[in-house]
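Working notes, beginning with the structure itself.
The values are calculated or read from the model by the stated rules, or taken from the named source; none is laboratory data. Keep in mind the model is a prediction, meaning the values are calculated, not measured. Cβ placement follows ideal geometry from the backbone for every residue including glycine, while neighbour counts extend to all protein chains displayed. Protein only, heavy atoms only, side chains kept; ligands, DNA and RNA dropped before computing areas. Shrake-Rupley method; radii C 1.70, N 1.55, O 1.52, S 1.80 Å.
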Amino acid sequence: MSTRDQQELQEGREYIVVFVHGRDRPGIVAGLAGVLAEANANILDISQTVMRGIFTMAMIVDVTDARLRIEELRSRLDEKGRELGVEVSVYHIDVVKYLQRP
Amino acid sequence: MHFSIAEITEVAEMIRYRSLDVRSVTLSVDASICASPWPGEVVDCLRGLVEEHGRRIRRAVDTVAAKLGVPVTTVRIALTPLEAVLAPVTAASGVERAAETGLEAAAELDRAASRAGVDYIGGFAAFADRGLGAGGRAVLSALPRVLVETERVMGFVNAASTWLGLNMDAVAASARLVLEAAREAGSPLPGAKFLVTVNVAPDIPFLPAAHHGLGEADGVVNVAISGPSVVAAVLRGLPRDAPLERLYDELKRIGFKVSRLGQLVAERVAAASGYSVGSVDLSLAPTPEPGDSIADVLEAMGVEFGAPGSIAALAMLIDALRKGGAMGVCCAGGYSGAMIPVSEDSGIASAVARGLATIYKLVAMTGVCSTGLDMVPVPGDTDWRRLAGLIADVLALGMVQGKVLGVRLLPAPGKKPGDTVELGGLLGEAPVMDPGPGSMEEFVERGGRIPPPMRRLLAG
């Protein structure tokens, strides 16, 4: 997404985007990545910026082999986000695809 | 496929922080199969249809919304106008019995919708552009009680069209029935569930006009988008001195994105439920939430709602959103304009309270906006002829210009112009408006109809 080549998204596999927004602090990436790893969801790409102390991160995650459904994953990530003091949004990749690609 | 963090951020911001959502998924269902001379059969059949299709569409919407992460505000079912379903009862047992059957059916539909998780049912309706059939008379006679006694059932009367003309008798009947319902209920709420239309389209997902029309397949998914706050936020991000062309370009861009969300949800819900995709209505629809307002969009463009220049701004806004949106969807449908409901848009309600927006300024806006005079509180003791005149004015504009328009008035018992009417929830609140002075009684009382305009002749 940012500096390295983004892995091509494959037809037939299921992806989500995870968007994180909030005050920067240590452990945000580790905390959320932990939730994903536990669910056997594979982070394909991760990109973040910090502007004026506000942390913004976007991840593309392959959930094809995940043990949780997207809505369950969403609520786990949401819970972890609350612990970390950040807001987490989880969308199916098609939402970004439809809105950003004619 | 590559996405930048900026692209992902933009999508997340629109959905999470700018209340971009899908306002409604409306399943259009052919209810003409329920037509029967036997009242019991009609009622059972309609209840069965709504239970079965309601559960199916609700399940699909919930699954898709959870998977995509996109909120869907309401789920609706649009039925074949009940006049067609009730016609055989009138033939067998008369209009009165058919009206009773309609009322019974409405009560059952109300309960069935609630059990199935369907928020509203559309189609308690009749077409009367040139005249009214027996089924239509039953619908009109049942409507006041249906509006008062049910929660989720909504109706309309199409009283004019570019093809058939304007039926003043139907306009008069509509004005009287909405006044009667409000008086009966002691509240303006029944008015929120009833629309008088011109050229009503069969793929409108917005109630009260949603219905299943002739020429539609059974089981079609129509979607309505929302999002004035998304549009306003984008405009506010532009330099204050950006020229109109720049605004226009940005509006097209945002119109595309908002419409794409509607298209995505329409496709996925249709796939998950086994129904087919109908159309996406590109109308920008406000909610009473502060900021989720058409008035706010105009203000972000630099003009107060109702001030000179606001019709030009509205025209530009709608045209740009349509152009951007048309590319984003398979089939645009419904109104595809901008809703300007007074009570449901806190910004418009405030413009009314400040004297900026008067009823006839709103009527003028219908010349560019394709939705009509919507959610307008009027005094409950207004003479029916005055309301009929007001309705006829809007319908005539639609008829002559070939536009889809509606009139939804909220007669408020015991209230006078300037008093506030609180409707609650998504219906919002607004000041009672003055329909205007002058005499029209003789014109309205003549009855009959205004023949269709030149456009009809040119169409051959």
**Request:** Based on a Kirkwood Rh over C-alpha pairs, give the Stokes-Einstein translational diffusion coefficient of segment B:300-358 at 37 °C and viscosity 0.692 mPa s in µm²/s.
**Result:** 257 µm²/s
**Prompt:** Near the amide H of B:Val153, under 5 Å away, which other amide H atoms are found, from residues 5 or more places off or on another chain, if H is placed in the peptide plane?
**Reply:** B:Ile121
**Complete:** Per the Cα gyration tensor, segment B:249-380 corresponds to an equivalent ellipsoid with semi-axes, largest first in Å, of 28, 16, 12
**For chain B, alpha-carbon Rg over 2.2 N^0.38 Å** = 0.94
**Item:** Fraction of alpha-carbon pairs over 15 Å apart in segment B:178-245 - percent
**Value:** 71 percent
**Message:** Looking at the calculated P(r) for segment B:1-91, what percent of the C-alpha pair distances fall above 23 Å?
**Reply:** 47 percent
**Item:** Rounded to the nearest 10 Å², the accessible area of B:Val400 at probe 1.4 Å
**Value:** 80 Å²
**Simple spin-label estimate for B:His2 and B:Leu238 in nanometres, 7 Å along Cα-Cβ** = 2.9 nm
**Complete:** Note on segment B:1-29: residues buried by at least 20 Å² of accessible area once partner chains are added (vs chain on its own, 1.4 Å probe) come out as B:Met1, B:His2, B:Phe3, B:Ile5, B:Glu7, B:Ile8, B:Thr9, B:Val11, B:Ala12, B:Ile15, B:Arg16, B:Tyr17
**Whole-Hz couplings from phi, Karplus 6.51/-1.76/1.60, listed for segment B:366-377; x for Gly and Pro** = 5, x, 10, 10, 6, 10, x, 8, 10, 6, 9, x
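Nearest 100 Å² is fine: how much accessible area is buried between B and A, summed over both sides, with a 1.4 Å probe? Walk me through the numbers on the way to the answer.
Details: alone 18000 and 6840 Å², together 21740 Å².
Its buried surface, counting both partners, is about 3100 Å².
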**Complete:** Applying the gyration tensor rule to the Cα atoms of segment B:191-319 (axes a ≥ b ≥ c; rounded if a/c under 1.5, else prolate if a/b exceeds b/c, else oblate), the class is prolate
**Request:** Report the extension gain between B:Arg176 and B:Asp419 in nm, rounded to one decimal, defined as 0.36 nm multiplied by the number of residues separating them, less their alpha carbon distance.
**Result:** 85.3 nm
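On a full-extension model of 0.36 nm per residue, what is the gain between B:Arg253 and B:Leu457, subtracting their alpha-carbon distance, rounded to one decimal in nm? Could the numbers behind the result be given before it?
Details: separation 204, 0.36 × 204 = 73.44 nm, distance 3.85 nm.
That pair, B:Arg253 and B:Leu457, stretches by 69.6 nm at full extension.
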**Request:** Please name whichever of B:Gly398, B:Ser350, B:Gly438 sits farthest to the positive end of the charge dipole of segment B:287-446, dipole taken about the Cα centre and charges placed at Cβ: Lys and Arg +1, Asp and Glu -1.
**Result:** B:Gly398
**Request:** May I ask you to evaluate 6.51 cos²θ - 1.76 cosθ + 1.60, the Karplus curve with θ = phi - 60°, for each residue of segment B:96-113 and list the ³J(HN,Hα) values in order in whole Hz, giving x for glycine and proline?
**Result:** 5, 5, 5, 5, 4, 4, x, 5, 4, 4, 4, 5, 5, 4, 4, 5, 4, 4
**Asked** Binned at 5 Å from 0, what are the whole-percent values of the Cα-Cα distance distribution for segment B:29-167, short to long?
**Response** 2, 11, 20, 21, 17, 12, 8, 5, 2, 1, 0
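Only Cα pairs under 8 Å and at least 6 apart count here; give the relative contact order of segment B:113-267 as a rounded whole percent. Before the final figure, lay out the partial values.
Details: 204 pairs, mean separation 30.5, N = 155.
Once divided by the residue count of segment B:113-267, the mean separation gives 20 percent.
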**Prompt:** Under Stokes-Einstein, with the Kirkwood radius over Cα pairs standing in for Rh, what whole-number D in µm²/s applies to segment B:82-232 at 10 °C and 1.306 mPa s?
**Reply:** 100 µm²/s
**Item:** Net charge over other residues, Cβ less than 15 angstrom from the Cβ of B:Pro451 (K, R count +1; D, E count -1)
**Value:** +3
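So, R0 is 60 Å and r is the distance between the beta-carbons of B:Met327 and B:Ala91; what FRET efficiency does that work out to, to 0.05? If you can, show how the numbers build up before the last one.
Numbers: r = 48 Å, r/R0 = 0.80.
Calculated value: 0.80.
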**Message:** Per residue, how much accessible surface does segment B:205-329 expose to a 1.4 Å probe? Answer in Å², no decimals.
**Reply:** 34 Å²
**Rg in Å to one decimal, and Dmax rounded to a whole Å, for segment A:9-64 via C-alpha atoms** = 12.2, 39
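Are there any trypsin sites (Lys or Arg not before Pro) in chain A that are in a DSSP loop and have at most 10 other Cβ atoms within 10 Å? List them by number. Write down the numbers at each step before the final one.
Working: sites: A:Arg4, A:Arg13, A:Arg23, A:Arg52, A:Arg67, A:Arg69, A:Arg74, A:Arg76, A:Lys80, A:Arg82, A:Lys97; in loops: A:Arg4, A:Arg13, A:Arg52, A:Arg67, A:Arg69.
Answer by residue number: A:Arg4, A:Arg52.
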**222 nm mean residue ellipticity, helices alone, for the protein assembly as shown (DSSP H n ≥ 4; -39,500 (n - 2.57); rounded to 500)** = -14500 deg cm²/dmol
**Item:** FRET E, pair B:Ala353, B:Glu289, Förster distance 25 Å, beta-carbon r, rounded to 0.05
**Value:** 0.90
**Request:** Determine Rg/Rh for the protein assembly as shown; Rg is computed over alpha-carbon atoms and Rh is the Kirkwood hydrodynamic estimate from the same atoms.
**Result:** 1.00
**Message:** If I compute solvent accessible area with a 1.4 Å probe over the protein chains, what percent of it on segment B:315-364 is carbon and sulfur?
**Reply:** 64 percent
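Compute the length gained on full extension between A:Ser75 and A:Leu44: take 0.36 nm times their separation in residues and subtract their Cα-Cα distance, giving the result in nm to one decimal. It would help to have the intermediate numbers written out before the result.
Numbers: separation 31, 0.36 × 31 = 11.16 nm, distance 2.05 nm.
Stretched fully, the A:Ser75-A:Leu44 segment lengthens by 9.1 nm.
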**Prompt:** Semi-axes of the equivalent ellipsoid of segment B:272-312: what are they in whole Å, largest first, if each equals the square root of 5 times a C-alpha gyration tensor eigenvalue?
**Reply:** 32, 13, 7
**Request:** Within segment B:354-460, list the trypsin sites (Lys or Arg not before Pro) lying in a DSSP loop whose Cβ has at most 15 other Cβ atoms in a 10 Å radius.
**Result:** B:Arg354, B:Arg446
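Answer rounded, prolate or oblate for chain A, using the Cα gyration tensor with square roots of eigenvalues a ≥ b ≥ c: rounded when a/c is under 1.5, else prolate when a/b is larger than b/c, else oblate. Please report the intermediate quantities before stating the final value.
Values: a/c = 1.72, a/b = 1.23, b/c = 1.40.
It is oblate, given that a/c is not under 1.5 and a/b is not larger than b/c.
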**Item:** Cα-projected label distance for A:Arg52 with A:Arg82, points at 7 Å along beta-carbon direction, nm
**Value:** 2.8 nm
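If I compute solvent accessible area with a 1.4 Å probe over the protein chains, what percent of it on segment B:176-238 is carbon and sulfur?
Details: 920 of 1820 Å².
For segment B:176-238, the apolar C and S fraction of the accessible surface comes to 51 percent.
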**Complete:** Placing one equal point scatterer on each C-alpha of segment B:347-451 and summing with Debye, one gets log10 I(q)/I(0) at q = 0.13, 0.18, 0.19, 0.21 Å⁻¹ equal to -0.48, -0.91, -1.00, -1.18
**Fill in**
One finds, for B:Ala364 and B:Tyr17 with R0 = 35 angstrom and r their Cβ-Cβ distance, a FRET efficiency to the nearest 0.05 of 0.55
